[in-house]
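Asker: Dropping the structure in here first, questions after.
The values are calculated or read from the model by the stated rules, or taken from the named source; none is laboratory data. Just so it is clear, the model here is predicted, and its values are computed rather than measured. Note that we place each Cβ from the backbone using ideal geometry, even for glycine, and neighbour counts take in every protein chain shown.
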Amino acid sequence: MEPSSPRSDDWKFQRRRERLVEELRRKGITDERVLAAIGKVPRHLFVDPAFLERAYLDEALPIGLNQTISQPFTVAYQTMLLDVRKGDKILEIGAGSGYQAAVLCEMGAEVYSVERLKPLLDRTRRLLKRLGYRVRLHWGDGSLGWPAFAPYDGIVVTAGATEAPRPLLEQLRIPDEAHRGGRLVIPIGGPEGQTMTLIIRKGEDAYERRETDSFRFVPLIAES
Ligand code: SAH
C-alpha cells in the first residue's frame, strides 16, 4: 500500500467531518450555521496526534494537562444556545485546544478567550495563528471574565462551574434599541455532572435563566 499524501489525508478528514455533521444533525443540532462551522474546522489538528484517527468521532479527547477537547455535540449545543450572529463579540472561558474558539470564528464572531494553563494557552495561540483564526487570548482566571473588552454579546464557559460567576453576569451586554441582551451559556453543577444553563441579560439588574440538558465537563477552577 502506498503511504497517503497530505492531500489524500485532507480528503479523508473532509469526508469524516461531513459524516460528523450528519451525526450531529441526527442528534438534534438544528442550527445550520453551527453545522456549517463544524463542517469547516479541521478538528484533527486540535487533538493530540495520538488520537488523530478518533478526531471526528463524537467524543471528548485528552489534550494534555488533564484537560479535554469537548465532544463535538457539546460544542455544537453550546454554540447553538449562544445564538451567535455575525459580528457578535463573544468571550469563551477555557480556551483549551482552541477548537470552540475556531468554531466561533467560522460563525463570524469576534472571539476572546481566557485560559488558566499557560502551556496550553501558548500551544493554542500558535495553532490558531497558523490556521488563520484571529482569536484574542488571555492567560488568567476566567471566572473573572475579561473586563477590558466587555460588554459581550455572548459568553460561553467550557468548564463545569458551581454557580454563574458574578463578573461574567456583569460583563454581558445590557439590551438597548440597537442590541440584544448578552447571553451566558454555562454548565452549572458538581463533579458528577452539570446542567447547561442559559442566562440572558434583560436589563441593568434583570436576568432570565433557563436550564436545559445534563453534561459532564472538567471543572472550572477559580484561583480566588
Ligand atoms: N473549549 C475547549 C475545552 C477545554 S476544557 C476546547 O474547545 O478545546 C476546559 C478548559 O478550561 C481547560 O483548558 C481548563 O484549563 C480551562 N479552565 C478551567 N478553569 C479555568 C478558569 N478558571 N479560567 C480559565 N480557564 C479555565
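Asker: Just to be sure I understand, how many residues within the stretch 91-110 are more than 6 Å from the ligand (Cβ to nearest atom) and under 18 Å from Asp31 (Cα atoms)?
Answerer: 9
Asker: Which residue pairs have Cβ atoms closer than 9 Å, lie 6 or more positions apart in sequence or on different chains, and pair a first residue in the stretch 128-143 that is over 15 Å from Ile155 (Cβ atoms) and assigned to a strand (DSSP E or B) with a second residue that is more than 9 Å from the ligand (Cβ to nearest atom) and modelled with pLDDT of 95 or more?
Answerer: Leu137/Tyr112; Leu137/Arg125; Leu137/Leu128; Trp139/Lys118; Trp139/Asp122
Asker: Continuing with the same structure: Taking Leu81, is it over 12 Å from the mean Cα position of the chain (by Cα), in contact (Cβ under 8 Å) with a residue 12 or more places away in the chain, within 26 Å of Arg134 (Cβ to Cβ) and within 16 Å of the ligand (Cβ to nearest atom)? Talk me through it step by step, then tell me what you get.
Answerer: Working: over 12 Å from the mean Cα position of the chain (by Cα): no; in contact (Cβ under 8 Å) with a residue 12 or more places away in the chain: yes; within 26 Å of Arg134 (Cβ to Cβ): yes; within 16 Å of the ligand (Cβ to nearest atom): yes.
For Leu81, the condition - over 12 Å from the mean Cα position of the chain (by Cα), in contact (Cβ under 8 Å) with a residue 12 or more places away in the chain, within 26 Å of Arg134 (Cβ to Cβ) and within 16 Å of the ligand (Cβ to nearest atom) - is not met.
Asker: Kindly indicate which of Thr68, Thr30 is more than 16 Å from the ligand (Cβ to nearest atom) and not in a helix (DSSP H, G or I). Working first, answer last.
Answerer: Working: Thr68 fails: more than 16 Å from the ligand (Cβ to nearest atom).
From the options Thr68, Thr30, the qualifying one is Thr30.
Asker: While we're on this one: What are the residues in the stretch 187-224 that are part of a strand (DSSP E or B), without any contact (Cβ under 8 Å) to a residue 40 or more places away in the chain and within 16 Å of the ligand (Cβ to nearest atom), if any? If you could, list the steps in order and put the result at the bottom.
Answerer: We begin by selecting, within the stretch 187-224, every residue part of a strand (DSSP E or B); these are 187-190, 193-203, 206-215, 219.
Subset that is without any contact (Cβ under 8 Å) to a residue 40 or more places away in the chain: 187-190, 193-195, 197, 199-203, 206-211, 214.
Selection gives Pro187, Ile188, Gly189, Gly190, Gly193, Gln194.
Asker: Still on this structure, I have one more. Arg125 passes all but one of (1) within 24 Å of Glu211 (Cβ to Cβ); (2) out of contact with any helix residue (DSSP H, G or I) (no Cβ under 9 Å at 6 or more places or on another chain); (3) without any contact (Cβ under 8 Å) to a residue 60 or more places away in the chain; (4) surrounded by 16 or more Cβ atoms within 10 Å (Cβ to Cβ); which number fails?
Answerer: (1)
Asker: Evaluate the stretch 167-182: report whether one residue or more is in contact with a Phe, Trp or Tyr (Cβ under 8 Å, 6 or more places away or on another chain) and of a type in the set (A, V, I, L, M).
Answerer: First, the residues of the stretch 167-182 that are in contact with a Phe, Trp or Tyr (Cβ under 8 Å, 6 or more places away or on another chain): 169, 171-173, 182.
Next cut, of a type in the set (A, V, I, L, M) only: 169, 172.
The answer is yes; a qualifying residue exists.
Asker: Across the stretch 144-162, which residue is nearest to Pro119 (Cα to Cα) among those that are assigned to a loop (DSSP other than H, G, I, E, B) and of a type outside the set (Val, Ile, Thr)?
Answerer: Per the criteria, the residue is Ala159.
Asker: Consider Ala76 carefully, then state whether it is within 12 Å of the ligand (Cβ to nearest atom) and either surrounded by 22 or more Cβ atoms within 10 Å (Cβ to Cβ) or within 23 Å of Arg15 (Cα to Cα) (or both).
Answerer: When the stated conditions are applied, Ala76 passes them.
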